[in-house]
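Heads up, the thing below is written out as structure tokens.
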Amino acid sequence: MLYQLYESQRSLMEPFADFAQAASKVYSNPLSPLGQNPFAQRVSAGYDLVYRLGKDYLKPEFGLRTVDVEGVSVAIHERIEIDKPFCELRRFKRFTDDTTTLTTLKNQPAVLIVAPLSGHYATLLRDTVKTMLKDHKVYITDWKNARLVPQSEGAFHLDDYVNYVQEFIRHLQGIYGNCHVMSVCQPTVPVLAAVALMASRGETTPLTMTMMGGPIDARKSPTAVNNLATNKSSNWFENNVIYRVPQNFPGAGRRVYPGFLQHTGFVAMNPSNHARSHYDYFKDLIKGDGTSAEAHRKFYDEYNAVLDMDADYYLETIRVVFQEFSLVNGTWDVKGADGKVERVRPQDITRTALFSVEGELDDISGSGQTEAVHSICTGVVDSEQRHYEVKGAGHYGIFSGRRWRDMVYPEVKAFILQHSLKPQAAPAAQAEADAPAKAATAAPVAVKRAPQKKTVAKSVSKPAAKATVVPVAKPASKGKRTRV
């Protein structure tokens, strides 16, 4: 019923929003008689704000047309490589007539960016994609709005998410031989599961995994998001936040967690900040500060565009990630596309380098939640693991904005390049060599390690921000892991 009421309210507000937009233009037009009013600019700003608060926000475009590669403007063609019922694998194909640049593009590594399915569209990572395109072949998971997926396509489970990721990884491996995977926020958990399952089967795994701001172990530094999930039962979530899609959408009747509820939760985390931002926008319009006003519009066009999530996927994520902590407890079983149920064993990953990134001020995935990936991926030698804490960055700052471009991206780029130049042995050739490691990690995931002696040295890479690398002394068989 709540979803139907929301849609009715939105439909009623639509003509008022359209009127407010038209009135704003009339009062801001200097050729209009109303535009000559001494208070015209204030009235126009007020109507514009009403329009922005009342309009319906649709899925934005990535809108990436060109990218600069070593001083050459390269055209971008956005296309769908794989179309699944609940997700599209989207590729940003680059074209150029410059032969030198073309050779450069062909030799760059392929990266699969796994976008969050947590309320916003994949376009939230536009800045991530745009920056990565300078030095990588970029693919991204573009998740679909569940209210647009007909019920005939069936339900979507967390296991299906894991299976999608595996299929996309194999697709890139089939084209390039191998690839790198980057997950941002929520998908760090299913991506780790996907790679772990591939490793357990003896499949070729990605060269690197970059995990940014995700709830690998949501017990560490719990945030308001974590507390809500742990303080309420699964039945509470099913009875209070799950609704059926109204009849005016293709997915009519599908059980979903509505995007408008998720958006309400986002705003409720920092209501005063949003109120201040809208008031500043109003003042910018009055002052005629078009640059600041446009920046506000771009941010909220993205922030206010939300999607519905299938109910089964949402409820399973709450249970597996935030209530039972199945991944770190070693109790997560995933049903594959072939119907076979397999245990997720991160300790089986041995040939994929691991890079974790956290924001110092992240209020969604708290400190230590992403770094916890290193304690459960015990099969990866420490010299192939790195952790980077971004000083002064919140959740969005680690993948968008100045800190992402100046601090995080140089580290990510260097890590991927380092392992792109290193050949990875085929699983069959490595089976015998990996046998001792697998035997050693057959015990439960929580493994106590020998006391560590820490020393401080200068970082091998040079990001814009100052950082230190801390090699940790380990037994000869394990190598060294660095902390940036």
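What to note about this one:
- Test for Tyr303: is it within 23 Å of Gly265 (Cβ to Cβ), aromatic (Phe, Trp, Tyr), touching a strand residue (DSSP E or B) at 6+ places or on another chain (Cβ under 8 Å) and assigned by TED's automatic domain parsing to the domain that holds Gly119: no
- Of the residues making up the stretch 220-230, not a single one is farther than 28 Å from Ser326 by Cα and of a type outside the set (D, E, K, R).
- Annotation note: Cβ proximity below 7 Å between a residue of the stretch 406-421 that is under 19 Å from Ala110 (Cβ atoms) and a residue that is part of a helix (DSSP H, G or I) (sequence gap 6+ or interchain) occurs for Tyr409/Thr131.
- Of all residue pairs spaced 6 or more apart or on separate chains, those with beta-carbon atoms under 8 Å, a first member in the stretch 17-38 that is under 14 Å from Gly54 (Cα atoms) and a second member that is loosely packed, with under 13 Cβ neighbours inside 10 Å and not polar (S, T, N, Q) are Ala17/Asp56.
- Test for Val267: is it within 30 Å of Gly336 (Cα to Cα) and either assigned by TED's automatic domain parsing to the domain that holds Ser118 or modelled with pLDDT under 95 (or both): no
- Scanning the stretch 221-244 for any residue that is crowded, with 24+ Cβ neighbours inside 10 Å and touching a residue at least 40 places away in the same chain (Cβ under 8 Å) turns up nothing.
- Residue in the stretch 341-357 that is closer than 27 Å to His157 by Cα, in contact with a His (Cβ under 6 Å, 6 or more places away or on another chain) and touching a residue at least 24 places away in the same chain (Cβ under 8 Å) present: yes
- Looking at Arg386, Arg402, just one residue is surrounded by fewer than 17 Cβ atoms within 10 Å (Cβ to Cβ) and closer than 27 Å to Val225 by Cα, and that residue is Arg402.
- Any hit, the stretch 329-337, residues being surrounded by 21 or more Cβ atoms within 10 Å (Cβ to Cβ), under 17 Å from the mean Cα position of the chain (by Cα) and either modelled with pLDDT of 95 or more or assigned to a loop (DSSP other than H, G, I, E, B) (or both): no
- Residue count for the stretch 349-379 under the criterion of being closer than 19 Å to Met182 by Cα and charged (D, E, K, R): the result is 4.
- Residue in the stretch 64-84 that is more than 27 Å from Ile398 (Cα to Cα), in contact (Cβ under 8 Å) with a residue 12 or more places away in the chain, among the charged types (D, E, K, R) and in a loop (DSSP other than H, G, I, E, B) present: yes
- Looking only at the stretch 216-251, and only at residues there that are closer than 12 Å to Asp308 by Cβ and assigned to a loop (DSSP other than H, G, I, E, B), the one that is farthest from the chain's Cα centre (by Cα): Pro246
- Residue count for the stretch 380-397, restricted to those that are within 17 Å of the chain's Cα centre (by Cα), in contact (Cβ under 8 Å) with a residue 40 or more places away in the chain and assigned to a loop (DSSP other than H, G, I, E, B): 1
- Residues being among the β-branched types (Val, Ile, Thr), touching a strand residue (DSSP E or B) at 6+ places or on another chain (Cβ under 7 Å) and not in a strand (DSSP E or B) - total across the stretch 356-379: 2
- Matching option when the condition is buried (at least 20 other Cβ atoms within 10 Å of the Cβ), within 30 Å of Phe62 (Cα to Cα) and not basic (Lys, Arg), among Phe299, Phe355: Phe355
- Note on the stretch 105-211: enclosed strands (runs of 3 or more DSSP E) holding 2 or more residues that are not hydrophobic (A, V, I, L, M, F, W, C) are 137-143, 180-184.
- Of all residues in the stretch 351-369 being aliphatic (A, V, I, L, M) and more than 30 Å from Glu203 (Cα to Cα), the one that is modelled with the highest pLDDT: Leu361
- Filtering the stretch 355-372 to residues that are within 15 Å of Val189 (Cα to Cα) and over 17 Å from the mean Cα position of the chain (by Cα) leaves Gly368, Ala372.
The values are calculated or read from the model by the stated rules, or taken from the named source; none is laboratory data. Computed from a predicted structure; not experimentally measured. Reconstructed Cβ throughout: ideal geometry from the backbone, glycine too, with neighbour counts over all protein chains shown.
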